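Q: To start, I am sharing the structure in question, which I have written as structure tokens.
The values are calculated or read from the model by the stated rules, or taken from the named source; none is laboratory data. Keep in mind the model is a prediction, meaning the values are calculated, not measured. Positions of Cβ are backbone-derived with ideal geometry, glycine not excepted, and every protein chain shown enters the neighbour counts. Heads up: the accessible areas ignore ligands, DNA and RNA and are worked out on the full protein's heavy atoms, side chains in. Shrake-Rupley method; radii C 1.70, N 1.55, O 1.52, S 1.80 Å.
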Amino acid sequence: MELILKYFPDLTPLQIEQFTKLYDLYTDWNSKINVISRKDIDELYSRHVLHSLGIAKVIQFNPGSKVLDVGTGGGFPGIPLAILFPETQFYLIDIIAKKIKVVNEVAQGLGLKNVKAEQKRAELVKEEFDFIVSRAVTNMPDFVKWIKDKTKKNSTHELKNGILYLKGGDLTEELAIYQTVQLFDLPDFFEEEFFETKKVVYLPLKYKS
């Protein structure tokens, strides 16, 4: 928890309480339904929570905005972002039902009113969102195909509506077709070794390719 406060010192008492509860909630649920690898549960705050909050170093979601988290797994990046932005609506989807069960239980355990989680494929989502977030569920061209018609036309943030994607490694080839893509290196914000090659990939939609 000190790690979160190190980079986000202005949390409210409620947010501190919610972030603190994450460890016990995930440890408990992970023992019943494995959504996080056993070795990673000890590194929950760095590898999952802080990694998810890398998006918050790139953008501050406005009150009333809507964010879709595709392939949320156990609730990342959606749950940590929902704690940080309580007035933004988050819709978390995954195709695996047991993962969504964990997400719903964690959201309920934290008292998060701004999270909806469902077992669903991205292609079947009918709503439109300001931003679509994810943690490396597939390569970018496939991801864009899944969600290309799901962003609102009108942007209300400094960044135009689009994709905010957490990914690591060399992305040169994968992103070569996107002229408007921007990369934000997480080591610019976090000094821990885990983030050495990690990035937030921002792709505005409608983009030019």
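Q: Determine which single condition S31 fails, assuming it passes every other condition in (1) at pLDDT 95 or above; (2) more than 30 Å from N139 (Cβ to Cβ); (3) hydroxyl-bearing (S, T, Y).
A: (1)
Q: If K39 meets every condition in (1) closer than 17 Å to D24 by Cβ; (2) free of Cβ contacts under 8 Å to residues at least 12 places away in the same chain apart from one, which number is that one?
A: All conditions are met except number (1).
Q: If you go through the stretch 182-209 one residue at a time, how many are touching a strand residue (DSSP E or B) at 6+ places or on another chain (Cβ under 6 Å) and without any contact (Cβ under 8 Å) to a residue 40 or more places away in the chain?
A: 5
Q: Name the residues in the stretch 6-60 that are of a type in the set (A, V, I, L, M), surrounded by 14 or more Cβ atoms within 10 Å (Cβ to Cβ) and part of a helix (DSSP H, G or I), would you?
A: Across the stretch 6-60, the qualifying residues are I16, L22, L25, I41, L44, V49, L50, L53, I55, A56.
Q: Taking the stretch 153-179 only, how many residues are under 20 Å from T138 (Cβ atoms), out of contact with any helix residue (DSSP H, G or I) (no Cβ under 9 Å at 6 or more places or on another chain) and open to solvent by 40 Å² or more (accessible area, probe 1.4 Å)?
A: Qualifying residue count for the region: 4.
Q: Same structure again: Kindly establish whether D185 is touching a helix residue (DSSP H, G or I) at 6+ places or on another chain (Cβ under 9 Å), modelled with pLDDT of 95 or more and not hydrophobic (A, V, I, L, M, F, W, C).
A: For D185, the condition - touching a helix residue (DSSP H, G or I) at 6+ places or on another chain (Cβ under 9 Å), modelled with pLDDT of 95 or more and not hydrophobic (A, V, I, L, M, F, W, C) - is met.
Q: Need the failing condition index for E191 against (1) surrounded by fewer than 16 Cβ atoms within 10 Å (Cβ to Cβ); (2) under 18 Å from the mean Cα position of the chain (by Cα); (3) at pLDDT 95 or above, just the number.
A: Only one criterion in (1) surrounded by fewer than 16 Cβ atoms within 10 Å (Cβ to Cβ); (2) under 18 Å from the mean Cα position of the chain (by Cα); (3) at pLDDT 95 or above is unmet by E191, namely (2).
Listed here are the residues, each with its yes/no results for (1) under 29 Å from W29 (Cα atoms); (2) in contact (Cβ under 8 Å) with a residue 40 or more places away in the chain; (3) open to solvent by less than 10 Å² (accessible area, probe 1.4 Å); (4) out of contact with any helix residue (DSSP H, G or I) (no Cβ under 8 Å at 6 or more places or on another chain).
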residue	(1), (2), (3), (4)
F90	yes, no, yes, no
N104	yes, no, no, yes
E127	no, yes, no, yes
V144	no, yes, yes, yes
